[in-house]
1. Out of the residues in the range A:122-166 that are touching a residue at least 40 places away in the same chain (Cβ under 8 Å) and among the hydroxyl-bearing types (Ser, Thr, Tyr), which is farthest from the other protein chains (Cβ to nearest Cβ)?
2. Give B:Leu452, B:Leu508 a once-over and let me know the one that is more than 16 Å from ligand 2 (Cβ to nearest atom), away from every other protein chain (no Cβ under 14 Å) and farther than 29 Å from A:Ala369 by Cα.
3. How about the range B:58-84: which of its residues are within 14 Å of another protein chain (Cβ to nearest Cβ), open to solvent by 10 Å² or more (accessible area, probe 1.4 Å) and of a type outside the set (Lys, Arg)?
4. Go through (1) assigned to a strand (DSSP E or B); (2) in contact with a Ser or Thr (Cβ under 9 Å, 6 or more places away or on another chain); (3) of a type in the set (A, V, I, L, M, F, W, C); (4) more than 23 Å from B:Thr319 (Cα to Cα) for B:Ile27 and report which single condition fails.
5. Name the residue, out of B:Glu72, B:Glu45, that is over 30 Å from the mean Cα position of the chain (by Cα) and among the acidic types (Asp, Glu).
6. Find the residue count for the range B:226-242, including only residues that are within 12 Å of another protein chain (Cβ to nearest Cβ) and either over 15 Å from B:Val395 (Cβ atoms) or within 9 Å of ligand 2 (Cβ to nearest atom) (or both).
7. Just to check your reading of the model, which residue among B:Ser339, B:Ser313 is under 13 Å from the mean Cα position of the chain (by Cα), among the polar types (S, T, N, Q) and open to solvent by less than 20 Å² (accessible area, probe 1.4 Å)?
8. Give the residues of the range B:409-467 that are β-branched (Val, Ile, Thr) and crowded, with 17+ Cβ neighbours inside 10 Å, sorted by residue number.
Amino acid sequence: MESQAFQKVYTKLTNITKATVTLKADGVGYDEIASVNGKLAQVVKITGDDITLQIFEGTEGIPTNAEVSFLGKPPQLTVSDELAGRFFNAYGAPIDGGPEIQGEVRDIGSPSVNPVRRKQPSNLIATGIAGIDLNNTLVSGQKIPFFADPDQPYNQVMAMVALRAKADKIILGGMGLTNDDYLYFKNVFDNAGALDRIISFVNTTENPPVERLLVPDMALTAAEYFAVDKNESVLVLLTDMTLYADALSIVSNRMDQIPSKDSMPGSLYSDLAKIYEKAVQFPSGGSITIIAVTTLSGGDITHAIPDNTGYITEGQLFLRRDSDIGKVIVDPFRSLSRLKQLVIGKQTREDHPQVMNSAIRLYADAANARTKLENGFDLTDYDERTLKFAREYSDSILAIDVNVGTDTMLDITWDLFSKHFKKAEVAIRESLVEKYWKS
Amino acid sequence: MEKENKTTGKVVGIVSNLVMVEVNGPIAQNEICYISLEKERLMAEVIKVVGKHAYVQVFESTRGLKPGSVAEFQGHLLEVTLGPGILSRNYDGLQNDLDKMEGIFLKRGEYTDPLNREKKWEFKPIVKVGDEVQAGAWLGEVNENDQPHKVMVPFKMKGTFKIKEIVSEGEYTVDHKIAVVTDDDGNDTDLTMVQKWPVKVAIGSYKEKPRPFKLLETGVRCMDTLNPITEGGTGFIPGPFGTGKTVLQHAISKQAEADIVIIAACGERANEVVEIFTEFPELEDPRTGKKLIERTIIIANTSNMPVAAREASVYTAMTIGEYYRAMGLKVLLMADSTSRWAQALREMSNRLEELPGPDAFPMDLSAVISNFYSRAGFVYLNNGKTGSITFIGTVSPAGGNLKEPVTESTRKAARCFYGLSQARADSKRYPAIDPIDSYSKYLEYPEVQENLETNVGDSWLKEVTKAKDVLLRGKEAMEQINILGDDGVPISFHETFWKSELIDFVILQQDAFDKIDASTPMKRQQYMLSKVLDVVDSSFVFSHFEDVSSFFKEVINEFKQMNYSEFESDKFKQHEGALNELLKKQAN
Ligand SMILES: Nc1ncnc2c1ncn2[C@@H]1O[C@H](COP(=O)(O)OP(=O)(O)O)[C@@H](O)[C@H]1O
Ligand SMILES: [Mg+2]
């Protein structure tokens, strides 16, 4: 790191936009941070001696003679075991009234793990929620978002998953979190007696939106400290990544970049991938698992944010209200855990993959029957049976309030199969049917 | 190529990984330079020149880079190093050997040697002193993982040469002088087993590139049976996320009948590459009994690795493919996903403030894609031997919309289209290749038709066409049933629909994670298709439409059990027997 002994102060801005200022300066490094009248800023463009700075808080009230000094370093976080149990803002400064962290100062947004130094994820994360454990099994080292409409209880489900996941550390990266949600997380973790293994970096709706851009990198720098240096299993919760992406578009639009789809920057895919790809399983046992939230607008998953996210993450979990049973369920159709095949039928019972697939296929048949019904057609006996099955399956498996072990989930599903269908209709490998069919 | 006095320059502008350098001498488009940043040297490529200013894309993060930093131009383009020892390696997009890098994290400015310089190879000469040779001629051979790795006259050498010296059979390192050749003017050149080639230029050392005509077996039924790809053919797999592009590509790379498989993991997930690292050393190539990793080369430039190197990665992969093709080998090249490569082009084009085309992609996107696909193909080498590169790329259309620029441009370039459908994936009908929209243009080639008739069977093409017709008619019947209701149509509509479901469930759907079902050899595909078509051709008596579905569900169930059993095993035959009973009972 460069010596900070002499800090030249500049006082002449040549250009001010909503998010950036430009001035003439020399010896400035790309990505380096600066202070503009006490506000934190980062170098985003250098042309000759014209330096453009992005100001995280926004440029409101910044005068052309603002005092600018360059700090000769990128944004950093101090890491040590003292992080545990603490709350920080987007800059990594404590907001819980506690002391500053003593430890090692690290640049955030560090390089990627060499792919040949990774290990294939193989540890199942049990959540008790059958819609997840049975149909979309999670594995440590995975990255997966909840795709949810803003009115769904995604933060509650995420907190529940986090607490049941048996992680050594849980790191919350809150972006544009309402104050109520922030307090909710604090409360839930506190009540569970888990505060000492939680670390939070929070940007609430009261803070300037551009500050959010720092939150994932702060959270992941802390995560890498615990996963790499301490071989711990770390679960990172990022909510809401849609608001993160919105902040990206604010900055890029203000820098006059050509927007691509949905006025998002053309680099959205790479920007999001840099964050999500921090999820990793190390051979030494440490791991980083990322569970995120991507809120949808009007359920539209073709919008650039969920679309790019889906291409990056290892699946997605859809929450949906099932009006038949009046509960929120994990939608079995659009939900997917891409890593499930690494564990199901291996760490879980042998019949898991086939039971899962058959149940979803029968559930899909029920959806077709429902369409028939809506179009005013008569239902066949099979249709009627699928509808009954679907209702019970939804209630006893898909609903997010289910909390049982995987064997029980499988047994419940076999019960439903035997109750409503013939063996051929279920179409599962014969040897499994012989063993598990409930007669 | 090397310049006497290297041109240098100094950095005058930085926007992310686009850097502007003021230069003091001649430079070339796409020339490589190194920019010094304290102790690190960052590799970059010239992508635009305006007056004294070179715009270079840096293959690394530019964090901390300052104006005034020195750039040194290298006098050559981005090149790969070619020689024995490339097989089973894991490279990044610039051909750095990932296993040689230190530490858990990738270090900026760390470039590692793609080859092992110490290892000795058992070299057998092919030419003798006095022979006349030209670029690409085989000088000798070493055994690389049991592949006959040909050591060739470097592709860069123009004209004809006489062999002046050639080493005798023995063990040599790659840098050992193995031959001396003399040109027409009497100048000698020393040759080793190593040569370099610029990735963005196609290696052209072959005599002729005919239309592909031979089936390339992949073991994936809905490709081989319905829309086969050829040795030297091109294909693409577009599909929304989660529809099975990567699983399909991995299945093909495990099973396809190729000598060499190159996997370019281009801007996608690191864990998917780890899956290959982990599984391929364990899995056997059923044809050779050797481990899959021995015939495989991985180019991993995953989504979190530098974007400019991502763009380079597909070219690196293709050039290595061309190198092995020139040895007379059958190369299969897979890129997942070509959309990420196109996005890398877009990011750079936007930073250059070029006039954008549709969806802000560069205007010449279509030409760039076509040019790349055209490097695949089946060739006759100058010595009369044959070699091929079959290329299959995935496309990740934004929002799943196939009308976007990358899909449309690729459609013009690739001859096979394997479109993955969201609806099929949602109902877990894997592989989710849409049987009606997908196509293989090769089926229209008379030489391919002839090849299939000779190698698979006289009536094969007719059967395939029939299966496609049944699928189409089944779809129409289903639409009618949906409009008019189950009992609003004649029972025969249900029969037509369920016959298409039969083909769907038995032939099209294939469980990539089941040991037996995952890969179906051509002989078995042929057997199953004619068995299924026998059922399609039979007429049955049904008194009620519900009987149709329950009958066909039982038929499908027996067929599926056959698919899960070893071909012609007792279990297979037992289910076939049960199936025949079922059919007899229902027969007219
Ligand atoms: N042939 C198949 N058999 C079984 N499951 C499959 C198959 N193809 C895809 N899948 C399922 O779909 C998921 C997503 O597939 P993937 O190839 O990763 O999609 P994409 O690359 O198109 O995003 C896989 O994790 C797997 O669960
Ligand atoms: Mg994929």
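1. The qualifying residue farthest from the other protein chains (Cβ to nearest Cβ) is A:Tyr154.
2. Working: B:Leu508 fails: farther than 29 Å from A:Ala369 by Cα.
On inspection, the qualifying residue turns out to be B:Leu452.
3. Once the filter is applied, which keeps residues that are within 14 Å of another protein chain (Cβ to nearest Cβ), open to solvent by 10 Å² or more (accessible area, probe 1.4 Å) and of a type outside the set (Lys, Arg), the range B:58-84 yields B:Glu60, B:Ser61, B:Gly64, B:Pro67, B:Gly68, B:Ser69.
4. Every listed condition holds for B:Ile27 apart from (1).
5. B:Glu72
6. Residues flagged as within 12 Å of another protein chain (Cβ to nearest Cβ) and either over 15 Å from B:Val395 (Cβ atoms) or within 9 Å of ligand 2 (Cβ to nearest atom) (or both) within the range B:226-242 amount to 3.
7. Matching residue, one of B:Ser339, B:Ser313: B:Ser313.
8. Selection gives B:Thr410, B:Ile433, B:Val448, B:Val456, B:Val464.
The values are calculated or read from the model by the stated rules, or taken from the named source; none is laboratory data. Keep in mind that what you see is a predicted model, and the values were worked out from it rather than measured. Methodologically, a virtual Cβ is constructed for each residue, glycine included, from the backbone with ideal geometry; neighbour enumeration extends over all protein chains shown. All accessible areas refer to the heavy atoms of the entire protein, side chains included, with ligands and DNA or RNA removed. Shrake-Rupley method; radii C 1.70, N 1.55, O 1.52, S 1.80 Å.
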